[in-house]
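Below is one structure; the comments refer to it alone.
The values are calculated or read from the model by the stated rules, or taken from the named source; none is laboratory data. Small disclaimer: the values here were computed from a predicted structure and weren't measured. Cβ placement follows ideal geometry from the backbone for every residue including glycine, while neighbour counts extend to all protein chains displayed. Each accessible area value is taken on the protein alone, full model and side chains, heavy atoms only, with ligands, DNA and RNA left out. Shrake-Rupley method; radii C 1.70, N 1.55, O 1.52, S 1.80 Å.
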Amino acid sequence: DAGITQSPRHKVTETGTPVTLRCHQTENHRYMYWYRQDPGHGLRLIHYSYGVKDTDKGEVSDGYSVSRSKTEDFLLTLESATSSQTSVYFCAISEWGGNTEAFFGQGTRLTVV
Amino acid sequence: SQQGEEDPQALSIQEGENATMNCSYKTSINNLQWYRQNSGRGLVHLILIRSNEREKHSGRLRVTLDTSKKSSSLLITASRAADTASYFCASYGTGNQFYFGTGTSLTVIP
């Protein structure tokens, strides 16, 4: 596997609480992505980053925010978790955006109760 | 949504047979990529085909691309039990975003 680590790998949280997921890479790739995977929907992009402090929204960004203060770390925050945010979250990296392959982390299974 | 679709949603074949899965996408692309996901794991890149290419091979994988129909197909020849996984296409056009399809679940029966 490429050097991508997601933490935590599993988390159960209560509705209304803030949650932060972390993605750490050791590949020095410029682009980092957060996806969520739900049955019947495949993977949908939440936010992505194209450099330190440079981020943009994906197609399902409502209720999520991100930050990238260092090349190696990309944080995804659920400001106030809802049950609809129960999902498996994947971080991915790529060297040159969509012109090159993406490498995926192992995923974080988040349950909001 | 700009999400693509794979067809069929599920496919079950005997070991040694060929598996074909199709992908449709919605916008103009620079390239299209195929990924495999084993149960409970992250996605793994298989192959990338650029918009000016019509066919590409990698080992037992053969990918075709028809930009006029906005479709692609992935053929896995001489399938093995280890090929059991979900397969996703991802289209890349503008905006630095990959748009993934909904996936095909392949089961190869030993």
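Couple of notes before you dig in:
- Hits among lysines - C-alpha to C-alpha of A:Lys57 under 26 Å, sequence gap 8 or more where chains match: A:Lys11, A:Lys70, B:Lys26, B:Lys70
- Based on the Stokes-Einstein relation at 10 °C and a viscosity of 1.306 mPa s, and on the Kirkwood radius from alpha carbon pairs, region B:1-78 is assigned a translational diffusion coefficient of 119 µm²/s.
- Relative to one another, the C-alpha centroids of region B:1-77 and region A:46-75 are positioned 27 Å apart.
- Within the shell defined by Cβ-Cβ distances under 13 Å, the residues around B:Ala19 carry a net charge of -1, with Lys and Arg each +1 and Asp and Glu each -1.
- Given charges at beta-carbon only (K, R positive; D, E negative), |dipole| of chain A in Debye: 200 debye
- Computed about its Cα centre, the charge dipole of chain B is approximately 280 debye, with only Lys, Arg, Asp and Glu carrying charge at their Cβ.
- Taken per residue, the accessible surface of chain A reaches 46 Å², heavy atoms only and a 1.4 Å probe.
- Rg/Rg_globular for chain A, with Rg_globular taken as 2.2 N^0.38 Å and Rg from C-alpha atoms: 0.98
- Converting phi to 3J(HN,Hα) with the Karplus coefficients 6.51, -1.76 and 1.60 and the offset θ = phi - 60°, region B:58-66 yields 8, x, 8, 9, 9, 10, 10, 9, 10 Hz in sequence order, with x at every glycine or proline.
- Accessible-area composition of chain A, carbon plus sulfur, in percent [1.4 Å probe]: 47 percent
- Cα shape, region B:51-105, gyration tensor, a/c 1.5 rule: oblate
- A DSSP coil position with no more than 13 other Cβ atoms inside 10 Å describes the following trypsin sites (Lys or Arg not before Pro) in region A:27-113: A:Lys53.
- Selection of chymotrypsin sites (Phe, Trp or Tyr not before Pro), region A:82-113, meeting DSSP coil and at most 14 other Cβ within 10 Å: A:Trp96
- Counts of other chain beta carbons within 10 angstrom of each beta carbon in peptide B:43-56 average 2.
- Solvent-accessible surface of region B:7-51, averaged per residue with a 1.4 angstrom probe and all protein chains in place: 48 square angstrom.
- Chain A: antiparallel DSSP beta bridges as a percent of all, rounded to 5: 90 percent
- For A:94-103, mean number of other protein chain Cβ atoms within 10 Å: 6
- Beyond 24 Å, the tail of the calculated P(r) for the protein assembly as shown holds 42 percent of the Cα pairs.
- Between chain B and chain A, the total buried accessible area stands at approximately 1900 Å², from heavy atoms with a 1.4 Å probe.
- Between A:Thr111 and A:Lys11, A:Val12, A:Thr13, the built amide H atoms are under 5 Å apart, and every one of these is 5 or more places off in sequence or on another chain.
- Between the listed residues B:Asn38, B:Gln97, A:Thr111, the Cα displaced farthest toward the positive end of the dipole of the protein assembly as shown, a dipole computed from Cβ unit charges relative to the Cα centre, is found at B:Gln97.
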